[in-house]
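In what follows, a single structure is set out as structure tokens and then discussed.
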Ligand SMILES: [Cu+2]
């Protein structure tokens, strides 16, 4: 299991949190998605054997958000 923190600059309300967290139900390979409105981040657990990180990012982009890999 791989964990990735994604910075999402244009999330702006609780509906964004719900939309982004629905990725764990809608995208095969994503097992957990936790969004923070205050931090403007999405923490994703995913199985790289099923879905590469670039496709995880594209799934977020498909919801209409701009993504930025969070370097820690
Ligand atoms: Cu919103």
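Quick one: compute the contact order of segment 2-69, relative version, from alpha carbon pairs under 8 angstrom and 6+ residues apart, as a percent. Spell out each step's value before the answer.
Details: 112 pairs, mean separation 28.3, N = 68.
It rounds to 42 percent for segment 2-69.
Just the number, please: Stokes-Einstein D of the chain in µm²/s, Kirkwood Rh from C-alpha pairs, 10 °C, 1.306 mPa s.
135
Grab the DSSP H runs of the chain that are 4 residues or longer, score each as -39,500 (n - 2.57), total them, divide by all residues and round the 222 nm result to the nearest 500 deg cm²/dmol.
Taking each H run of at least 4 residues, the total per residue is -8000 deg cm²/dmol.
For a footprinting-style exposure proxy, rank 16, 32 by other Cβ within 10 Å, fewest first.
Ordered from fewest to most neighbouring Cβ atoms within 10 Å, 16, 32 come out as 32, 16.
The numbers here are math on the coordinates, done by the rules we state, and not lab data. What you see is a predicted model, and the numbers here were worked out from it, not measured in a lab. Glycine also receives a Cβ, built like all others from the backbone with ideal geometry; neighbour counts cover every protein chain displayed.
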